[in-house]
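The values are calculated or read from the model by the stated rules, or taken from the named source; none is laboratory data. Fair warning: this is a prediction, and the values are worked out from it, not measured in the lab. In this analysis, Cβ positions are derived from the backbone assuming ideal geometry, glycine residues included, and neighbour counts consider all displayed protein chains. Just so you know, the surface numbers come from the protein's heavy atoms only, side chains and all, with ligands and any DNA or RNA stripped out. Shrake-Rupley method; radii C 1.70, N 1.55, O 1.52, S 1.80 Å.
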Amino acid sequence: MNHELVVPPLAAGPFKVACSNIQQDPARIAASGAPAQDSWDGKGGHYITDILPQPSSALRIDALVPDIRTLYPGNAGDRVPFVVLVCHPTPASNSDPDYVLPQTGDVVPRMLPQAAAPRLLSIGEWGDIVGIQFSPTPPGPVKLPLIVYSHGLSGSPIGKGYIDVMVKLAAQGYVVAAIFHGDARFSRVRLEDFNDYFYALTQFDRVAEMMLMRPVSLKAMTDMLLADAGYAAGIDADRIGGFGASMGGQAMANLLGARMTTTIGLHCEPTVRDPRIKAAFGYVPYSGQSFLPAFCDNQRGAEEVTRPYFAMTGSADTTAPERLTEQAVNLFKGSRYMVSMAGGQHELRPQDADDLITWMITFFNAYLGVSSDSGAMARFIKMAQVAGGREDSVVVDVHVPTSFATAIFERPLVEFYNTTLDHYFIAGAQIEVDIILAGGAGPGWVLTNESSKIYLDRPPGGPAVNEVCRFYGVPAGGPNSHFFAADATACEAVKRAGGWAYEGLAFRVVPQLATGKCPAGMLEVRRAYNDRYRFNDSNHRYSTSDSTMREMSRRNWFVEGTAWCAFP
(Lines give C-alpha, C1' and ligand atoms only; values in the text may rest on other atoms or scores of the structure.)
Protein backbone atom coordinates (compact mmCIF):
# COMPACT_ATOMS: atom_id res chain seq x y z
CA MET A 1 0.00 0.00 0.00
CA ASN A 2 1.02 3.61 -0.41
CA HIS A 3 -0.23 5.32 2.74
CA GLU A 4 1.60 3.39 5.44
CA LEU A 5 3.58 5.82 7.61
CA VAL A 6 2.64 7.36 10.95
CA VAL A 7 4.39 10.73 10.98
CA PRO A 8 5.20 13.05 13.87
CA PRO A 9 3.40 16.39 14.08
CA LEU A 10 4.96 19.12 12.00
CA ALA A 11 7.27 21.40 13.94
CA ALA A 12 6.15 24.96 14.52
CA GLY A 13 6.84 27.21 11.56
CA PRO A 14 10.15 29.12 11.53
CA PHE A 15 8.74 32.52 10.57
CA LYS A 16 7.64 35.42 12.73
CA VAL A 17 4.10 36.48 11.86
CA ALA A 18 2.44 39.87 11.48
CA CYS A 19 -1.19 40.64 10.71
CA SER A 20 -3.09 43.53 9.20
CA ASN A 21 -4.89 46.04 11.38
CA ILE A 22 -8.09 44.92 13.08
CA GLN A 23 -8.08 47.39 15.96
CA GLN A 24 -11.47 47.93 17.59
CA ASP A 25 -12.90 50.89 19.49
CA PRO A 26 -14.07 50.10 23.07
CA ALA A 27 -16.46 53.06 22.97
CA ARG A 28 -18.07 51.78 19.79
CA ILE A 29 -18.35 48.29 21.28
CA ALA A 30 -20.09 49.73 24.32
CA ALA A 31 -22.38 51.87 22.15
CA SER A 32 -23.43 48.81 20.15
CA GLY A 33 -24.98 47.30 23.25
CA ALA A 34 -23.70 43.85 22.29
CA PRO A 35 -20.51 41.81 22.78
CA ALA A 36 -17.72 42.45 20.28
CA GLN A 37 -18.19 38.90 19.00
CA ASP A 38 -21.64 39.81 17.68
CA SER A 39 -20.03 42.36 15.40
CA TRP A 40 -17.35 39.89 14.35
CA ASP A 41 -20.01 37.32 13.44
CA GLY A 42 -22.55 39.70 11.92
CA LYS A 43 -25.25 38.95 14.51
CA GLY A 44 -28.17 41.14 15.56
CA GLY A 45 -27.76 43.62 12.72
CA HIS A 46 -24.14 44.31 13.68
CA TYR A 47 -20.97 43.94 11.59
CA ILE A 48 -17.34 44.51 12.45
CA THR A 49 -17.30 47.82 10.59
CA ASP A 50 -19.52 49.13 13.44
CA ILE A 51 -16.71 48.82 15.98
CA LEU A 52 -13.68 49.91 13.96
CA PRO A 53 -12.29 53.31 15.01
CA GLN A 54 -12.26 54.49 11.40
CA PRO A 55 -12.91 52.93 7.98
CA SER A 56 -9.23 52.93 6.98
CA SER A 57 -8.12 51.00 10.06
CA ALA A 58 -8.75 47.63 8.40
CA LEU A 59 -8.62 46.13 4.92
CA ARG A 60 -12.05 46.37 3.30
CA ILE A 61 -13.68 45.34 0.05
CA ASP A 62 -17.03 46.03 -1.53
CA ALA A 63 -17.88 42.77 -3.27
CA LEU A 64 -20.10 43.11 -6.35
CA VAL A 65 -22.92 40.56 -6.16
CA PRO A 66 -24.06 39.01 -9.49
CA ASP A 67 -27.30 40.61 -10.64
CA ILE A 68 -29.33 37.39 -10.46
CA ARG A 69 -32.39 37.98 -8.32
CA THR A 70 -33.37 34.29 -8.20
CA LEU A 71 -30.05 33.41 -6.53
CA TYR A 72 -29.36 36.59 -4.55
CA PRO A 73 -32.86 37.78 -3.53
CA GLY A 74 -31.57 40.27 -0.98
CA ASN A 75 -28.40 41.62 -2.63
CA ALA A 76 -28.48 41.03 -6.40
CA GLY A 77 -26.44 43.69 -8.20
CA ASP A 78 -25.36 45.37 -4.95
CA ARG A 79 -21.91 46.01 -3.54
CA VAL A 80 -21.66 44.40 -0.10
CA PRO A 81 -18.90 45.46 2.33
CA PHE A 82 -16.56 42.89 3.85
CA VAL A 83 -13.58 43.28 6.18
CA VAL A 84 -10.40 41.28 5.55
CA LEU A 85 -7.63 40.07 7.89
CA VAL A 86 -4.23 39.14 6.46
CA CYS A 87 -1.45 37.35 8.37
CA HIS A 88 1.96 36.74 6.83
CA PRO A 89 5.65 36.08 7.57
CA THR A 90 7.45 39.23 8.64
CA PRO A 91 11.07 40.24 9.27
CA ALA A 92 12.59 39.35 12.63
CA SER A 93 13.15 43.07 13.12
CA ASN A 94 9.41 43.79 13.14
CA SER A 95 8.72 45.28 16.57
CA ASP A 96 5.05 46.16 16.11
CA PRO A 97 3.16 45.24 19.29
CA ASP A 98 0.69 42.37 19.51
CA TYR A 99 -2.97 43.29 19.72
CA VAL A 100 -5.12 41.65 22.40
CA LEU A 101 -8.67 41.13 21.16
CA PRO A 102 -11.42 42.58 23.34
CA GLN A 103 -13.33 40.17 25.56
CA THR A 104 -11.60 36.95 24.36
CA GLY A 105 -7.98 37.84 25.13
CA ASP A 106 -6.75 36.10 21.95
CA VAL A 107 -3.77 37.75 20.27
CA VAL A 108 -3.27 39.18 16.79
CA PRO A 109 0.54 39.13 16.47
CA ARG A 110 2.50 42.25 15.46
CA MET A 111 -0.61 44.02 14.26
CA LEU A 112 0.11 46.59 11.58
CA PRO A 113 -0.34 50.18 12.76
CA GLN A 114 -3.08 52.15 11.06
CA ALA A 115 -2.17 53.53 7.62
CA ALA A 116 1.23 51.73 7.60
CA ALA A 117 2.47 49.55 4.73
CA PRO A 118 2.72 45.82 5.50
CA ARG A 119 6.14 44.69 6.72
CA LEU A 120 6.91 41.94 4.22
CA LEU A 121 9.77 39.45 4.42
CA SER A 122 12.75 40.00 2.12
CA ILE A 123 14.00 37.32 -0.26
CA GLY A 124 17.34 37.22 1.53
CA GLU A 125 15.88 36.71 5.02
CA TRP A 126 13.47 34.09 3.69
CA GLY A 127 16.37 32.24 2.05
CA ASP A 128 18.42 32.32 5.25
CA ILE A 129 15.52 30.77 7.20
CA VAL A 130 14.72 27.98 4.72
CA GLY A 131 18.35 27.29 3.81
CA ILE A 132 18.38 28.63 0.23
CA GLN A 133 21.26 30.90 -0.67
CA PHE A 134 21.16 33.56 -3.39
CA SER A 135 24.11 35.19 -5.11
CA PRO A 136 23.40 37.95 -5.55
CA THR A 137 20.24 38.27 -3.48
CA PRO A 138 17.36 39.63 -5.58
CA PRO A 139 15.81 42.85 -4.30
CA GLY A 140 12.35 43.19 -2.86
CA PRO A 141 10.10 41.00 -0.75
CA VAL A 142 9.79 37.26 -1.28
CA LYS A 143 6.67 36.14 -3.13
CA LEU A 144 4.93 33.57 -0.96
CA PRO A 145 1.97 31.28 -1.64
CA LEU A 146 -1.43 32.65 -0.63
CA ILE A 147 -4.10 30.76 1.33
CA VAL A 148 -7.65 32.06 0.85
CA TYR A 149 -9.23 31.35 4.24
CA SER A 150 -12.94 30.90 5.03
CA HIS A 151 -14.22 30.35 8.57
CA GLY A 152 -17.26 28.32 9.65
CA LEU A 153 -20.86 29.50 9.71
CA SER A 154 -21.59 32.28 12.21
CA GLY A 155 -17.89 32.58 13.07
CA SER A 156 -15.08 34.98 12.19
CA PRO A 157 -11.34 34.92 11.46
CA ILE A 158 -10.61 36.08 15.02
CA GLY A 159 -13.03 33.67 16.68
CA LYS A 160 -12.06 30.67 18.78
CA GLY A 161 -9.40 28.58 17.05
CA TYR A 162 -9.50 30.44 13.73
CA ILE A 163 -6.87 33.09 14.50
CA ASP A 164 -4.58 30.36 15.88
CA VAL A 165 -4.78 28.37 12.63
CA MET A 166 -4.17 31.50 10.58
CA VAL A 167 -1.02 32.31 12.55
CA LYS A 168 0.27 28.73 12.36
CA LEU A 169 -0.21 28.71 8.59
CA ALA A 170 1.60 32.03 8.23
CA ALA A 171 4.47 30.78 10.40
CA GLN A 172 4.97 27.97 7.86
CA GLY A 173 5.60 30.49 5.08
CA TYR A 174 2.15 31.39 3.74
CA VAL A 175 0.28 34.63 3.30
CA VAL A 176 -3.16 33.91 4.79
CA ALA A 177 -6.15 36.09 3.94
CA ALA A 178 -9.53 35.69 5.65
CA ILE A 179 -12.88 37.44 5.35
CA PHE A 180 -15.33 38.32 8.09
CA HIS A 181 -18.29 36.73 6.29
CA GLY A 182 -20.90 38.08 8.71
CA ASP A 183 -23.29 35.29 7.66
CA ALA A 184 -26.12 36.48 9.89
CA ARG A 185 -26.44 39.57 7.67
CA PHE A 186 -27.92 37.29 5.01
CA SER A 187 -29.67 34.57 7.02
CA ARG A 188 -30.06 33.77 10.70
CA VAL A 189 -29.66 30.04 10.00
CA ARG A 190 -27.25 27.90 11.97
CA LEU A 191 -26.07 24.55 10.64
CA GLU A 192 -28.19 22.65 13.13
CA ASP A 193 -31.27 24.45 11.73
CA PHE A 194 -30.97 22.30 8.60
CA ASN A 195 -32.65 19.55 10.61
CA ASP A 196 -35.69 21.85 10.89
CA TYR A 197 -37.69 21.04 7.77
CA PHE A 198 -40.11 23.93 8.32
CA TYR A 199 -37.33 26.50 8.48
CA ALA A 200 -35.64 25.08 5.38
CA LEU A 201 -38.91 25.04 3.45
CA THR A 202 -39.79 28.65 4.25
CA GLN A 203 -36.37 30.33 4.26
CA PHE A 204 -34.13 28.35 1.96
CA ASP A 205 -33.77 31.10 -0.64
CA ARG A 206 -32.05 33.21 2.02
CA VAL A 207 -30.00 30.26 3.24
CA ALA A 208 -28.83 29.63 -0.34
CA GLU A 209 -27.97 33.31 -0.79
CA MET A 210 -25.87 33.24 2.38
CA MET A 211 -23.93 30.25 1.00
CA LEU A 212 -23.56 31.84 -2.42
CA MET A 213 -22.17 35.05 -0.89
CA ARG A 214 -19.09 33.20 0.32
CA PRO A 215 -17.56 32.44 -3.11
CA VAL A 216 -18.49 35.99 -4.21
CA SER A 217 -16.63 37.60 -1.31
CA LEU A 218 -13.65 35.23 -1.34
CA LYS A 219 -12.96 35.83 -5.03
CA ALA A 220 -13.33 39.59 -4.51
CA MET A 221 -10.82 39.41 -1.64
CA THR A 222 -8.26 37.64 -3.85
CA ASP A 223 -8.80 40.25 -6.60
CA MET A 224 -8.16 43.00 -4.07
CA LEU A 225 -4.99 41.48 -2.62
CA LEU A 226 -3.42 40.80 -6.01
CA ALA A 227 -3.96 44.44 -6.91
CA ASP A 228 -3.04 45.92 -3.52
CA ALA A 229 0.02 48.19 -3.51
CA GLY A 230 1.23 46.74 -0.22
CA TYR A 231 0.44 43.01 -0.29
CA ALA A 232 0.67 42.07 -3.99
CA ALA A 233 4.49 42.28 -3.96
CA GLY A 234 4.60 39.49 -1.36
CA ILE A 235 2.14 37.06 -3.03
CA ASP A 236 2.96 34.36 -5.58
CA ALA A 237 -0.12 34.54 -7.81
CA ASP A 238 0.70 31.14 -9.31
CA ARG A 239 0.55 29.41 -5.92
CA ILE A 240 -2.85 30.07 -4.37
CA GLY A 241 -4.60 27.55 -2.15
CA GLY A 242 -7.80 27.62 -0.17
CA PHE A 243 -8.74 26.60 3.37
CA GLY A 244 -12.26 26.40 4.71
CA ALA A 245 -13.80 25.10 7.91
CA SER A 246 -17.36 23.75 7.93
CA MET A 247 -19.33 25.95 5.52
CA GLY A 248 -15.98 27.43 4.50
CA GLY A 249 -15.05 23.95 3.26
CA GLN A 250 -18.18 23.94 1.12
CA ALA A 251 -17.23 27.37 -0.23
CA MET A 252 -13.83 26.02 -1.26
CA ALA A 253 -15.47 23.21 -3.25
CA ASN A 254 -17.72 25.82 -4.90
CA LEU A 255 -14.73 27.98 -5.84
CA LEU A 256 -13.13 24.89 -7.39
CA GLY A 257 -16.22 24.23 -9.51
CA ALA A 258 -18.86 22.39 -7.48
CA ARG A 259 -22.41 23.44 -8.30
CA MET A 260 -24.72 24.20 -5.36
CA THR A 261 -28.21 23.19 -4.28
CA THR A 262 -30.29 26.37 -4.45
CA THR A 263 -33.85 25.12 -3.77
CA ILE A 264 -35.57 22.55 -1.60
CA GLY A 265 -36.35 20.74 -4.85
CA LEU A 266 -32.56 20.25 -5.32
CA HIS A 267 -32.28 22.69 -8.19
CA CYS A 268 -28.62 23.00 -9.11
CA GLU A 269 -26.70 26.15 -10.00
CA PRO A 270 -23.03 27.06 -10.54
CA THR A 271 -21.54 29.51 -8.07
CA VAL A 272 -18.81 32.10 -8.52
CA ARG A 273 -15.61 30.15 -9.22
CA ASP A 274 -11.93 31.05 -9.00
CA PRO A 275 -9.50 29.21 -11.31
CA ARG A 276 -6.55 30.80 -9.47
CA ILE A 277 -7.04 28.46 -6.50
CA LYS A 278 -4.88 25.47 -7.33
CA ALA A 279 -5.78 23.23 -4.35
CA ALA A 280 -8.15 23.43 -1.39
CA PHE A 281 -8.43 21.92 2.09
CA GLY A 282 -11.72 21.52 3.98
CA TYR A 283 -11.84 20.91 7.74
CA VAL A 284 -15.12 19.21 8.78
CA PRO A 285 -16.46 20.58 5.45
CA TYR A 286 -20.21 20.99 5.18
CA SER A 287 -21.72 18.91 2.37
CA GLY A 288 -25.37 19.13 3.35
CA GLN A 289 -27.80 16.83 5.11
CA SER A 290 -29.37 13.59 3.88
CA PHE A 291 -32.56 15.37 2.76
CA LEU A 292 -30.68 18.33 1.27
CA PRO A 293 -27.18 17.61 -0.11
CA ALA A 294 -25.06 20.73 -0.64
CA PHE A 295 -23.96 19.83 -4.15
CA CYS A 296 -27.31 19.01 -5.79
CA ASP A 297 -29.17 15.70 -6.06
CA ASN A 298 -26.87 12.82 -5.05
CA GLN A 299 -24.05 15.40 -4.93
CA ARG A 300 -23.77 15.28 -8.73
CA GLY A 301 -22.74 18.93 -8.76
CA ALA A 302 -19.40 17.84 -7.30
CA GLU A 303 -18.40 16.29 -10.62
CA GLU A 304 -17.10 19.60 -11.94
CA VAL A 305 -14.27 19.85 -9.38
CA THR A 306 -11.06 19.02 -11.22
CA ARG A 307 -8.42 20.46 -8.87
CA PRO A 308 -6.98 18.81 -5.72
CA TYR A 309 -9.21 18.82 -2.64
CA PHE A 310 -8.52 17.41 0.83
CA ALA A 311 -11.38 16.83 3.29
CA MET A 312 -10.71 16.20 6.99
CA THR A 313 -13.86 14.87 8.66
CA GLY A 314 -15.06 13.56 12.03
CA SER A 315 -16.69 10.15 12.28
CA ALA A 316 -19.14 11.42 14.96
CA ASP A 317 -19.95 14.72 13.23
CA THR A 318 -23.74 15.09 12.92
CA THR A 319 -23.62 18.72 11.78
CA ALA A 320 -21.50 17.91 8.71
CA PRO A 321 -22.00 14.14 8.29
CA GLU A 322 -18.90 12.60 6.78
CA ARG A 323 -20.97 10.18 4.68
CA LEU A 324 -22.17 13.10 2.57
CA THR A 325 -18.67 14.53 2.28
CA GLU A 326 -17.30 11.16 1.20
CA GLN A 327 -20.05 10.92 -1.43
CA ALA A 328 -19.05 14.32 -2.81
CA VAL A 329 -15.29 13.71 -2.63
CA ASN A 330 -15.66 10.47 -4.58
CA LEU A 331 -17.31 12.44 -7.39
CA PHE A 332 -14.49 14.99 -7.69
CA LYS A 333 -12.42 14.48 -10.82
CA GLY A 334 -9.10 15.86 -9.62
CA SER A 335 -6.82 14.54 -6.89
CA ARG A 336 -9.07 13.89 -3.90
CA TYR A 337 -8.46 12.87 -0.33
CA MET A 338 -10.48 12.35 2.81
CA VAL A 339 -9.08 11.64 6.27
CA SER A 340 -11.47 10.70 9.08
CA MET A 341 -10.82 11.51 12.73
CA ALA A 342 -12.17 8.73 14.95
CA GLY A 343 -14.91 10.10 17.21
CA GLY A 344 -14.41 13.59 15.83
CA GLN A 345 -17.33 15.97 16.10
CA HIS A 346 -17.99 19.37 14.54
CA GLU A 347 -15.18 21.07 16.42
CA LEU A 348 -11.48 21.80 16.52
CA ARG A 349 -10.02 20.64 19.81
CA PRO A 350 -6.59 22.03 20.74
CA GLN A 351 -5.23 18.48 20.87
CA ASP A 352 -6.29 17.93 17.23
CA ALA A 353 -4.58 21.07 15.90
CA ASP A 354 -1.30 19.25 15.19
CA ASP A 355 -3.12 16.70 13.02
CA LEU A 356 -4.83 19.47 11.05
CA ILE A 357 -1.69 21.54 10.52
CA THR A 358 0.48 18.53 9.58
CA TRP A 359 -1.95 17.19 6.98
CA MET A 360 -2.76 20.65 5.64
CA ILE A 361 0.78 22.01 5.31
CA THR A 362 2.08 18.79 3.73
CA PHE A 363 -0.84 18.80 1.27
CA PHE A 364 -0.39 22.46 0.34
CA ASN A 365 3.40 22.19 0.07
CA ALA A 366 2.94 19.17 -2.23
CA TYR A 367 0.22 20.49 -4.53
CA LEU A 368 1.29 24.12 -4.65
CA GLY A 369 4.88 23.09 -5.36
CA VAL A 370 6.45 25.08 -2.53
CA SER A 371 10.15 25.44 -3.44
CA SER A 372 11.42 25.29 0.14
CA ASP A 373 9.87 21.83 0.63
CA SER A 374 10.66 19.84 -2.50
CA GLY A 375 10.10 16.54 -0.68
CA ALA A 376 6.51 17.32 0.36
CA MET A 377 4.83 15.18 -2.30
CA ALA A 378 7.05 12.20 -1.54
CA ARG A 379 6.02 12.45 2.13
CA PHE A 380 2.37 13.12 1.43
CA ILE A 381 1.80 10.03 -0.72
CA LYS A 382 3.10 7.84 2.14
CA MET A 383 1.29 9.50 5.07
CA ALA A 384 -1.30 7.34 6.84
CA GLN A 385 -1.66 9.04 10.19
CA VAL A 386 -0.29 11.84 12.37
CA ALA A 387 0.87 10.73 15.80
CA GLY A 388 -1.08 12.19 18.72
CA GLY A 389 -4.56 13.69 18.79
CA ARG A 390 -7.42 11.57 17.54
CA GLU A 391 -6.75 8.46 15.52
CA ASP A 392 -6.92 9.57 11.89
CA SER A 393 -7.30 7.26 8.91
CA VAL A 394 -7.19 7.75 5.15
CA VAL A 395 -10.64 7.04 3.71
CA VAL A 396 -10.16 8.34 0.14
CA ASP A 397 -6.84 8.76 -1.66
CA VAL A 398 -6.85 9.32 -5.41
CA HIS A 399 -3.86 11.12 -6.87
CA VAL A 400 -4.45 12.44 -10.40
CA PRO A 401 -1.21 13.72 -11.97
CA THR A 402 -1.44 17.01 -13.84
CA SER A 403 2.18 17.88 -14.68
CA PHE A 404 4.19 15.87 -17.19
CA ALA A 405 7.82 16.19 -18.24
CA THR A 406 7.06 16.21 -21.98
CA ALA A 407 4.13 15.17 -24.14
CA ILE A 408 6.46 12.78 -25.96
CA PHE A 409 7.86 10.81 -23.05
CA GLU A 410 5.57 11.19 -20.04
CA ARG A 411 1.83 10.64 -20.32
CA PRO A 412 -1.25 9.93 -18.19
CA LEU A 413 -2.45 6.33 -18.09
CA VAL A 414 -6.21 6.83 -18.26
CA GLU A 415 -8.66 4.38 -16.69
CA PHE A 416 -12.08 3.45 -18.08
CA TYR A 417 -14.92 1.38 -16.62
CA ASN A 418 -17.55 -0.49 -18.63
CA THR A 419 -20.94 -0.28 -16.96
CA THR A 420 -22.25 -3.32 -18.87
CA LEU A 421 -19.28 -5.68 -18.56
CA ASP A 422 -18.15 -4.56 -15.07
CA HIS A 423 -14.65 -4.40 -16.58
CA TYR A 424 -11.79 -1.90 -16.29
CA PHE A 425 -9.32 -0.87 -18.99
CA ILE A 426 -6.30 1.45 -19.08
CA ALA A 427 -5.14 3.41 -22.13
CA GLY A 428 -1.87 5.29 -22.51
CA ALA A 429 -2.10 6.67 -26.04
CA GLN A 430 -4.29 9.74 -26.54
CA ILE A 431 -5.63 8.42 -29.83
CA GLU A 432 -6.99 5.34 -28.07
CA VAL A 433 -8.53 7.45 -25.31
CA ASP A 434 -10.27 9.57 -27.95
CA ILE A 435 -11.58 6.49 -29.79
CA ILE A 436 -13.05 5.01 -26.60
CA LEU A 437 -14.67 8.33 -25.62
CA ALA A 438 -16.19 8.54 -29.12
CA GLY A 439 -17.75 5.06 -28.73
CA GLY A 440 -15.29 3.27 -31.00
CA ALA A 441 -14.71 0.47 -28.47
CA GLY A 442 -18.40 -0.22 -27.99
CA PRO A 443 -20.99 1.10 -25.52
CA GLY A 444 -20.74 1.46 -21.77
CA TRP A 445 -17.23 2.89 -21.36
CA VAL A 446 -16.91 5.81 -18.92
CA LEU A 447 -13.93 7.54 -17.31
CA THR A 448 -13.25 6.64 -13.66
CA ASN A 449 -11.21 9.83 -13.19
CA GLU A 450 -8.24 7.81 -11.96
CA SER A 451 -4.90 7.92 -13.73
CA SER A 452 -1.16 7.54 -13.21
CA LYS A 453 2.02 8.46 -15.05
CA ILE A 454 3.64 6.27 -17.70
CA TYR A 455 6.26 6.66 -20.42
CA LEU A 456 5.60 6.21 -24.12
CA ASP A 457 9.33 6.12 -24.82
CA ARG A 458 12.53 5.76 -22.81
CA PRO A 459 13.09 9.17 -21.18
CA PRO A 460 16.59 10.50 -21.84
CA GLY A 461 18.38 10.81 -18.53
CA GLY A 462 15.30 9.52 -16.72
CA PRO A 463 14.75 6.42 -14.58
CA ALA A 464 15.23 2.86 -15.80
CA VAL A 465 11.95 1.65 -17.28
CA ASN A 466 10.40 -1.65 -18.32
CA GLU A 467 8.33 -2.22 -21.41
CA VAL A 468 4.79 -3.35 -20.62
CA CYS A 469 3.30 -6.14 -22.73
CA ARG A 470 -0.39 -5.90 -23.59
CA PHE A 471 -2.59 -8.96 -24.06
CA TYR A 472 -6.21 -9.46 -25.09
CA GLY A 473 -8.36 -12.43 -24.11
CA VAL A 474 -8.67 -14.70 -27.15
CA PRO A 475 -12.13 -13.92 -28.58
CA ALA A 476 -13.09 -17.57 -29.18
CA GLY A 477 -14.31 -18.42 -25.70
CA GLY A 478 -11.86 -16.09 -23.98
CA PRO A 479 -12.49 -13.09 -21.73
CA ASN A 480 -13.36 -9.78 -23.37
CA SER A 481 -10.57 -8.14 -21.40
CA HIS A 482 -6.96 -6.95 -21.45
CA PHE A 483 -3.99 -7.88 -19.27
CA PHE A 484 -0.71 -6.01 -18.84
CA ALA A 485 2.63 -7.59 -17.86
CA ALA A 486 5.31 -5.20 -16.64
CA ASP A 487 8.51 -7.21 -17.16
CA ALA A 488 9.95 -9.55 -19.76
CA THR A 489 9.67 -12.67 -17.59
CA ALA A 490 5.98 -12.13 -16.89
CA CYS A 491 5.39 -11.26 -20.53
CA GLU A 492 6.87 -14.57 -21.74
CA ALA A 493 4.94 -16.52 -19.10
CA VAL A 494 1.61 -15.10 -20.29
CA LYS A 495 2.53 -15.87 -23.91
CA ARG A 496 3.24 -19.51 -23.00
CA ALA A 497 0.14 -19.91 -20.87
CA GLY A 498 -2.21 -19.37 -23.79
CA GLY A 499 -5.66 -17.86 -23.70
CA TRP A 500 -4.30 -14.34 -24.20
CA ALA A 501 -3.33 -12.85 -27.55
CA TYR A 502 -0.18 -10.73 -27.47
CA GLU A 503 -0.88 -7.21 -28.81
CA GLY A 504 2.61 -5.76 -28.44
CA LEU A 505 4.22 -3.17 -26.17
CA ALA A 506 1.72 -0.71 -24.67
CA PHE A 507 3.88 1.74 -22.70
CA ARG A 508 6.82 1.88 -20.30
CA VAL A 509 6.88 2.03 -16.50
CA VAL A 510 9.32 2.07 -13.59
CA PRO A 511 9.59 -1.43 -12.09
CA GLN A 512 9.34 -2.10 -8.36
CA LEU A 513 12.41 -3.01 -6.36
CA ALA A 514 13.33 -6.58 -5.46
CA THR A 515 11.50 -6.05 -2.17
CA GLY A 516 8.26 -5.48 -4.05
CA LYS A 517 8.24 -1.84 -2.94
CA CYS A 518 8.71 1.20 -5.14
CA PRO A 519 11.66 3.59 -5.06
CA ALA A 520 11.34 6.50 -2.63
CA GLY A 521 9.01 9.21 -3.83
CA MET A 522 7.00 6.94 -6.11
CA LEU A 523 3.50 5.49 -5.91
CA GLU A 524 2.79 1.78 -6.01
CA VAL A 525 0.45 0.81 -8.84
CA ARG A 526 -1.37 -2.22 -7.50
CA ARG A 527 -3.39 -4.82 -9.39
CA ALA A 528 -6.74 -6.34 -8.46
CA TYR A 529 -8.29 -9.43 -10.10
CA ASN A 530 -11.99 -10.30 -10.31
CA ASP A 531 -11.43 -14.11 -10.04
CA ARG A 532 -13.86 -14.92 -12.85
CA TYR A 533 -11.65 -17.15 -15.00
CA ARG A 534 -14.18 -20.00 -14.56
CA PHE A 535 -16.69 -17.86 -16.46
CA ASN A 536 -14.23 -16.73 -19.14
CA ASP A 537 -14.64 -13.24 -17.71
CA SER A 538 -11.25 -12.40 -16.19
CA ASN A 539 -10.51 -8.72 -15.65
CA HIS A 540 -7.87 -6.74 -13.79
CA ARG A 541 -7.77 -3.25 -12.36
CA TYR A 542 -4.63 -1.13 -11.84
CA SER A 543 -4.61 1.76 -9.37
CA THR A 544 -2.35 3.89 -7.19
CA SER A 545 -5.22 4.41 -4.72
CA ASP A 546 -5.34 2.43 -1.47
CA SER A 547 -9.02 3.30 -1.04
CA THR A 548 -9.76 1.96 -4.53
CA MET A 549 -8.04 -1.30 -3.68
CA ARG A 550 -10.03 -1.56 -0.43
CA GLU A 551 -13.21 -1.08 -2.43
CA MET A 552 -12.18 -3.81 -4.89
CA SER A 553 -11.52 -6.14 -1.99
CA ARG A 554 -15.01 -5.38 -0.60
CA ARG A 555 -16.35 -6.39 -4.03
CA ASN A 556 -14.54 -9.74 -3.64
CA TRP A 557 -11.73 -8.96 -6.05
CA PHE A 558 -8.27 -10.23 -5.12
CA VAL A 559 -5.65 -7.52 -4.55
CA GLU A 560 -2.59 -9.18 -6.07
CA GLY A 561 0.14 -6.72 -5.11
CA THR A 562 2.32 -4.14 -6.82
CA ALA A 563 2.37 -4.29 -10.61
CA TRP A 564 4.76 -1.36 -11.22
CA CYS A 565 5.60 2.14 -9.93
CA ALA A 566 4.64 5.66 -10.94
CA PHE A 567 5.86 9.15 -10.16
CA PRO A 568 3.13 11.31 -8.57
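A few notes on this one:
- Solvent-accessible area per residue, Å², over the chain with all protein chains present [probe radius 1.4 Å]: 40 Å²
- nm² value of the averaged projected area, convex hull over the Cα atoms of the stretch 393-446: 5.1 nm²
- Taking the 1.4 Å solvent-accessible surface of the chain as the whole, the part contributed by carbon and sulfur is 53%.
- DSSP loop chymotrypsin sites (Phe, Trp or Tyr not before Pro) with at most 16 other Cβ within 10 Å excluded, longest remaining stretch of the chain: 405-568
- If you wrap the tightest convex hull around every Cα atom of the stretch 131-288 and split its volume per residue, you get 111 Å³.
- Here the 3J(HN,Hα) profile of the stretch 401-406, calculated from phi with Karplus coefficients 6.51, -1.76 and 1.60 at θ = phi - 60°, is x, 10, 10, 10, 4, 8 Hz, Gly and Pro shown as x.
- Area of Ser150 that stays accessible when all protein chains are in place (1.4 Å probe, Å², to 10): 0 Å²
- Low-density loop positions, trypsin sites (Lys or Arg not before Pro), the stretch 481-555 - DSSP coil, at most 13 other Cβ in 10 Å: Lys517, Arg555
- Residue-averaged [θ]222 nm for the chain, counting only DSSP H segments that reach four residues, each worth -39500 (n - 2.57): -6500 deg cm²/dmol
- For the stretch 411-568, radius of gyration divided by Kirkwood radius, i.e. Rg to Rh on alpha-carbons: 0.94
- Across every pair of non-identical alpha carbons in the chain, the mean reciprocal distance, once inverted, gives a Kirkwood radius of 25.4 Å.
- Among the listed pairs Lys16/Lys219; Lys16/Lys333; Lys16/Lys43; Lys168/Lys517; Lys219/Lys453; Lys16/Lys160, those beyond 31 Å (Cα-Cα): Lys16/Lys333; Lys16/Lys43; Lys168/Lys517; Lys219/Lys453
- Mean separation of Cα contacts under 8 Å (6+ apart) over length of the chain, as relative contact order %: 11 percent
- Amide H to amide H distances under 5 Å link Gly288 with Ala294, where only residues 5 or more positions off or on other chains count and H is placed in the peptide plane.
- Solvent-accessible surface (1.4 Å probe) assigned to His399 amounts to roughly 20 Å².
- Average projection, convex hull of the Cα set of the stretch 8-143: 12.6 square nanometres.
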